[in-house]
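Take a look at the structure set out below.
The values are calculated or read from the model by the stated rules, or taken from the named source; none is laboratory data. Remember, it's a predicted structure, so these values are computed and weren't measured experimentally. Don't worry about glycine lacking a Cβ; one is built from the backbone with ideal geometry, like all the others, and counts go over all protein chains shown. Heads up: the accessible areas ignore ligands, DNA and RNA and are worked out on the full protein's heavy atoms, side chains in. Shrake-Rupley method; radii C 1.70, N 1.55, O 1.52, S 1.80 Å.
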Amino acid sequence: MALRNSQYDALMRYYQKLQLSNKHDQDERIEKAYTQIPRLAQIDRDIAAISLKKARMLLGNDTGQDFDLAQQIQSLSDERTRLLTSHGFPEDYLKIQYTCPICQDTGYVNNEKCICFKKAISEHLYTQSNIRELLNTANFDAFSLDYYSNEAINEATGLTNRETALNALTKAKDFVRNFDKEFENLFLYGDTGVGKTFLSYCIAKELLDTTHSVIYYSSFDLFEAFAQNTFSNTDESQGKNDYILNCDLLIIDDLGTELTNSFVASQFFLCINERILRKKSTIISTNLTLGNFMDTYSERVFSRVSSNYTMIKLIGSDIRIQKKLLGGQ
Ligand SMILES: [Zn+2]
């Protein structure tokens with residue numbers, strides 16, 4: 001459950017607002033009912049009066065005839081219910097209406113986060129992920145191996161494209177399954193359109209659904225964000241940078257399509273190095289071959305990646321695979 005303090009505070013403020021708003025609605029309903037049925041106010045006063053009388057008697061300050069307080073309150077409550085329903089109001093019209101009856105809009109039940117709180121966190125994380133809409137269609141079941149040829153054989157490994165894809169799928173599922181136990185990073189490489197991005201969406205969805213914080217960036221947007229956040233030194237931009245370095249999973253898609261310069265190269269190194277030090281997982285996908293990757297980025301980048309990432313190759317001669325996986329034509 002990776003929430004920044006500010007995110008947690010925002011959610012708690014949401015619950016406070018909810019409580020206030022529901023209390024306000026209740027006050028309005030009470031006013032409306034009391035205007036239409038003045039006897040309701042009298043019932044409240046009667047209940048207060050007999051409660052006080054009973055308390056005085058127990059303290060010896062009142063010597064009147066003893067009576068059954070609970071029974072009298074019950075009969076006044078029954079009268080109130082009858083009045084409400086006979087005037088066309090629901091029985092519980094005067095009671096507070098909780099948005100979540102389980103936790104009564106506090107977010108917690110017995111010091112544990114309520115199911116509504118977990119849902120709110122998940123919603124929040126989805127919104128932050130940058131790929132909310134794209135995840136509607138992405139899941140492991142939709143990753144069909146049929147799109148990969150079972151005839152074309154990769155000379156280096158002796159595996160068919162389909163066997164190579166099955167390997168990738170298995171490793172991706174293992175990555176998700178062991179996410180909370182083992183620190184792992186993935187490096188997905190292969191030609192354009194062979195399913196790398198889709199595979200990273202599937203992973204993102206699984207992890208978001210178990211309330212992990214995931215952020216997706218194309219490498220171009222990521223370096224834009226770094227540049228902006230570095231040059232505008234506000235709390236907000238610092239917060240964004242922190243989130244990029246601290247989220248449970250960072251996905252950097254299409255590495256190699258950004259404009260490479262020394263600033264980008266050093267930011268990239270800082271980012272992946274910092275995340276390795278913090279044991280926060282990263283998935284990089286790229287169309288670059290490993291040789292090109294080494295030429296494009298510095299040797300220290302290559303060495304950090306090759307020693308800390310699981311390399312996963314996808315091969316396909318069919319550029320439509322990605323489109324099919326993503327539901328396009
Ligand atoms: Zn709740």
Yes or no: the stretch 136-151 includes at least one residue that is modelled with pLDDT under 95, open to solvent by 40 Å² or more (accessible area, probe 1.4 Å) and β-branched (Val, Ile, Thr). yes
Test Ser200 against the stated conditions and say whether it is within 16 Å of the ligand (Cβ to nearest atom), touching an Asp or Glu at 6+ places or on another chain (Cβ under 8 Å) and part of a helix (DSSP H, G or I). no
Take the conditions within 8 Å of the ligand (Cβ to nearest atom), surrounded by 15 or more Cβ atoms within 10 Å (Cβ to Cβ) and assigned to a loop (DSSP other than H, G, I, E, B) and apply them to Cys116. Does it pass? no
It is to be established whether one or more residues within the stretch 134-146 are in a helix (DSSP H, G or I) and within 13 Å of the ligand (Cβ to nearest atom). no
The stretch 76-104 - residue that is in a loop (DSSP other than H, G, I, E, B) and among the acidic types (Asp, Glu) and, of those, farthest from the ligand (Cβ to nearest atom): Glu91
Some residue of the stretch 179-188 being surrounded by 15 or more Cβ atoms within 10 Å (Cβ to Cβ) and among the basic types (Lys, Arg): no
